[in-house]
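Take a look at the structure set out below.
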Amino acid sequence: MAVAFVAALAGFQRMPSGAVADAGDAIGLSLMDCAAPAARDALSARFALCHSGGGSNCVVDGDTFWFAGDKYRIADIDTPETHPARCAEEAALGLAATGRLHRWLNEGAFSLESADRDADRYGRKLRIVTRGGTSVGSVLVAEGLARPWEGRRRPWCRA
């Protein structure tokens, strides 16, 4: 995006009349295309923890939450299961991932971006959840609370 912004700026030309022509128009760019990602973050709610079944604006676990009546699965990560956890390590890590997602969602506005599929086999909407262009999935991975999604779940418990 930064390259597009620089290219758009470099493409401005001053016309003899003093008007400014945007060379980016020729390639379909505008300064609006180069705006900071945070400008897109328009979704927000006060999230609670889901205690049973469905909910409204609540976090189920480290990669699943309810928002505005729809259930979402964060598409770019896999977090430990909490319902039920298969071992004490998975339970502890799953609880930490759930708490971190809960805090992150309540820290400010966010965006829901399309993933490779619209929904998973359980009917949850698959989305990449971002704030300022940064995925919450990448935050959880960096903090050791999730793995990047590899197309399937892998066990969190050691044999």
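The values are calculated or read from the model by the stated rules, or taken from the named source; none is laboratory data. Given the structure is predicted, the values throughout are model-derived calculations rather than measurements. Neighbour counts are summed over all protein chains in view; Cβ atoms, including those assigned to glycine, are modelled from backbone coordinates with ideal geometry.
Figures for the structure shown
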item: Selection from the stretch 132-159 of residues that are in contact with an Asp or Glu (Cβ under 9 Å, 6 or more places away or on another chain), of a type in the set (D, E, K, R) and farther than 20 Å from Ala115 by Cβ; result: Arg158
item: Matching residues in the stretch 76-108 - criterion: being more than 11 Å from the chain's Cα centre (by Cα) and of a type in the set (A, V, I, L, M, F, W, C); result: Ala85, Cys87, Ala88, Ala91, Ala92, Leu93, Leu95, Ala96, Ala97
item: Counted residues, the stretch 61-75 - those being among the charged types (D, E, K, R), under 11 Å from the mean Cα position of the chain (by Cα) and more than 15 Å from Arg100 (Cβ to Cβ); result: 1
item: Any chance Arg153 is at pLDDT below 95 and either in a strand (DSSP E or B) or not aliphatic (A, V, I, L, M) (or both); result: yes
item: Any hit, the stretch 114-124, residues being surrounded by fewer than 18 Cβ atoms within 10 Å (Cβ to Cβ) and touching a His at 6+ places or on another chain (Cβ under 8 Å); result: no
item: Filter result for Gly99 (within 19 Å of Phe67 (Cα to Cα) and out of contact with any Ser or Thr (no Cβ under 9 Å at 6 or more places or on another chain)); result: yes
item: Residue in the stretch 133-147 that is among the polar types (S, T, N, Q) and in contact with a Phe, Trp or Tyr (Cβ under 9 Å, 6 or more places away or on another chain) present; result: no
